[in-house]
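Each remark here refers to the structure printed beneath this line.
The values are calculated or read from the model by the stated rules, or taken from the named source; none is laboratory data. The shown structure was predicted, so the numbers you read here are calculated from the model rather than taken from an experiment. Methodologically, a virtual Cβ is constructed for each residue, glycine included, from the backbone with ideal geometry; neighbour enumeration extends over all protein chains shown.
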């Protein structure tokens, strides 16, 4: 399906599918990760105004009969309106476009794509470092502190003092909660930070296909300019309309990708920061409750 969509819609950025293998992930963890990426892929297809109405896509997700599904697959494979031929199916406004103005818009978008790729890469790297810290040293240090509280509690066991028993109980409860906080950091990494990493992978993988789209558009303009003076006025106008069709298509996809970037980052960061606030608030509440254990 991904190949069919990529072949047919050469002016549309097709989102990436899950990786087949991911370093450090095995069995259930890998399956869950791939399921989440696949869900993001489906979401992006469904949000796209063209892809969501694609015959091959609708057939793929709605057909339940195996024979009909195979017939639909063969039909898609024989589709003549793929690649450049797809523009024969595109309806655009009659208003001619200024090629120079379009080129400036495309060049600005191209720079934005590069900047976005770099920013996404930095975010992925920093997030990965956070995750490794939380499931490794941070978790370990909280749980080592838990053992330190246990050791401290044991030092009160031999004291012959009325308050010693309460101190032992308070320290043991503190040790239990510190150990749990260590586990919570690992869960926070998996449940709250991993979705951010997956969203970054999905959007970065989508935007990385944009240069290929822009290259197709650039080639169309170059071909028009090379032949403009060699053609009759009528032929030149006909080719200019085809170039305009390409320009309208690329401008529409640029607008969609910019809109998606805003919505993706807005929703991802809002959810992440809310979950992060909840995580630290829960920890703060636990620490406050632990402090009360020593009010005697």
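Which members of the range 217-257 meet the condition of being closer than 20 Å to residue 117 by Cβ and in contact with a helix residue (DSSP H, G or I) (Cβ under 8 Å, 6 or more places away or on another chain)?
Scanning the range 217-257 gives 217, 218, 250, 253, 254, 257.
Restricting attention to the range 201-210, does a residue exist that is outside any helix (DSSP H, G or I), surrounded by fewer than 20 Cβ atoms within 10 Å (Cβ to Cβ) and either assigned by the TED database to the domain that holds residue 269 or without any contact (Cβ under 8 Å) to a residue 24 or more places away in the chain (or both)?
yes
So, in the range 57-85, how many residues would count as being under 28 Å from the mean Cα position of the chain (by Cα) and closer than 22 Å to residue 250 by Cβ?
Count: 3.
Matching residues to (1) surrounded by fewer than 17 Cβ atoms within 10 Å (Cβ to Cβ); (2) at pLDDT 95 or above:
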residue: 156; (1), (2): no, no
residue: 174; (1), (2): no, yes
residue: 179; (1), (2): no, yes
residue: 219; (1), (2): yes, no
residue: 236; (1), (2): yes, no
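Just to check your reading of the model, which residue among 273, 231, 257 is assigned by the TED database to the domain that holds residue 198, surrounded by 13 or more Cβ atoms within 10 Å (Cβ to Cβ) and either within 23 Å of residue 204 (Cα to Cα) or at pLDDT 95 or above (or both)?
On inspection, the qualifying residue turns out to be 257.
Residues that are over 17 Å from the mean Cα position of the chain (by Cα), assigned by the TED database to the domain that holds residue 186 and surrounded by 12 or more Cβ atoms within 10 Å (Cβ to Cβ): does the range 102-125 have at least one?
No, the range 102-125 contains no residue that is over 17 Å from the mean Cα position of the chain (by Cα), assigned by the TED database to the domain that holds residue 186 and surrounded by 12 or more Cβ atoms within 10 Å (Cβ to Cβ).
Against the definition (within 22 Å of the chain's Cα centre (by Cα), loosely packed, with under 15 Cβ neighbours inside 10 Å and farther than 20 Å from residue 255 by Cα), how does residue 37 come out, yes or no?
no
Conditions (1) under 30 Å from residue 165 (Cα atoms); (2) touching a residue at least 40 places away in the same chain (Cβ under 8 Å), marked per residue:
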residue: 215; (1), (2): no, no
residue: 221; (1), (2): no, yes
residue: 250; (1), (2): no, yes
residue: 255; (1), (2): no, no
residue: 266; (1), (2): no, no
residue: 285; (1), (2): yes, no
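Consider residue 68 against the criteria (1) surrounded by 12 or more Cβ atoms within 10 Å (Cβ to Cβ); (2) over 30 Å from residue 190 (Cα atoms): it satisfies all of them except one. Which criterion is unmet?
(1)
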